[in-house]
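Contents: one structure, followed by commentary.
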Amino acid sequence: MARPGTDIAIEDLRARLEPGARLAGLDLGSKTIGVALSDIGLAIATPLKTIRREKFAKDAEALLALCAAENVGGLVLGLPVNMNGTEGPRAQATRAFLRNLALLTELPVVLWDERLSTAAAERAMLEADLSRKKRAEKIDATAAAFILQGALDRLAGLGGLQR
């Protein structure tokens, strides 16, 4: 089991999820938190919403209320790793967010390399011919969906989740 305030390996996630629980993907930014949800079969990630960041306590309250309402059994938190594989200030801020969140919930958290997730989300929205305004409104939740989909695909590659 992971220590409080730390993440778990994706390989350990299946043992921590209750039947019927969904996963939430999070794209943590300095001003917003993009949120995506999986289906109950843990196959498809869908952008849900963007939470405008305030203070940590309010951010966590909004996030955990959403998790309770949507039967979320685990989180996939995007870790902003540099292109060369090192971790910079944004990754450190993400790890600090995880440590603080772990004090408020027992939901298992997987940190997932989010390199290029925002670029992929932007490209997909351009291909969908969304206006600049619509892209700005949806980019964070769409990036969260790319992060979550990567983790779901990895779970499927591990043999899926036996439910």
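The values are calculated or read from the model by the stated rules, or taken from the named source; none is laboratory data. All of these numbers come straight from a predicted model, not from anything done at the bench. No Cβ is skipped: glycine too gets one built from the backbone with ideal geometry, and neighbour counts run over all protein chains shown.
Tabulated values for the structure
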{"quantity": "Residue among Gly20, Gly78 that alone is within 15 Å of the chain's Cα centre (by Cα) and either closer than 15 Å to Ala145 by Cα or surrounded by fewer than 20 Cβ atoms within 10 Å (Cβ to Cβ) (or both)", "calculated": "Gly78"}
{"quantity": "Test: residue in the range 46-63 that is farther than 19 Å from Leu79 by Cβ, assigned to a loop (DSSP other than H, G, I, E, B), out of contact with any Phe, Trp or Tyr (no Cβ under 7 Å at 6 or more places or on another chain) and touching a residue at least 12 places away in the same chain (Cβ under 8 Å)", "calculated": "no"}
{"quantity": "Residues of the range 67-93 classified as over 20 Å from Val35 (Cβ atoms) and touching a strand residue (DSSP E or B) at 6+ places or on another chain (Cβ under 8 Å), total", "calculated": "2"}
{"quantity": "Checklist (1) hydroxyl-bearing (Ser, Thr, Tyr); (2) touching a Leu at 6+ places or on another chain (Cβ under 6 Å); (3) in a loop (DSSP other than H, G, I, E, B) applied to Thr94, failing item", "calculated": "(3)"}
{"quantity": "Checklist (1) outside any strand (DSSP E or B); (2) at pLDDT below 95; (3) touching a strand residue (DSSP E or B) at 6+ places or on another chain (Cβ under 6 Å) applied to Glu122, failing item", "calculated": "(3)"}
{"quantity": "Residue identified as among the hydrophobic types (A, V, I, L, M, F, W, C), within 14 Å of the chain's Cα centre (by Cα) and closer than 21 Å to Gly150 by Cα among Ile40, Ile44, Ile51", "calculated": "Ile44"}
{"quantity": "Leu64 vs. criteria more than 11 Å from the chain's Cα centre (by Cα), at pLDDT below 95, on the phi < 0 side of the Ramachandran plot and hydrophobic (A, V, I, L, M, F, W, C)", "calculated": "no"}
{"quantity": "Criterion (farther than 11 Å from Leu26 by Cβ, out of contact with any Cys (no Cβ under 9 Å at 6 or more places or on another chain) and modelled with pLDDT of 95 or more) met by exactly one of Leu98, Leu77, Leu104, Leu116", "calculated": "Leu104"}
{"quantity": "Tally of residues being modelled with pLDDT of 90 or more and not in a strand (DSSP E or B) across the range 1-28", "calculated": "12"}
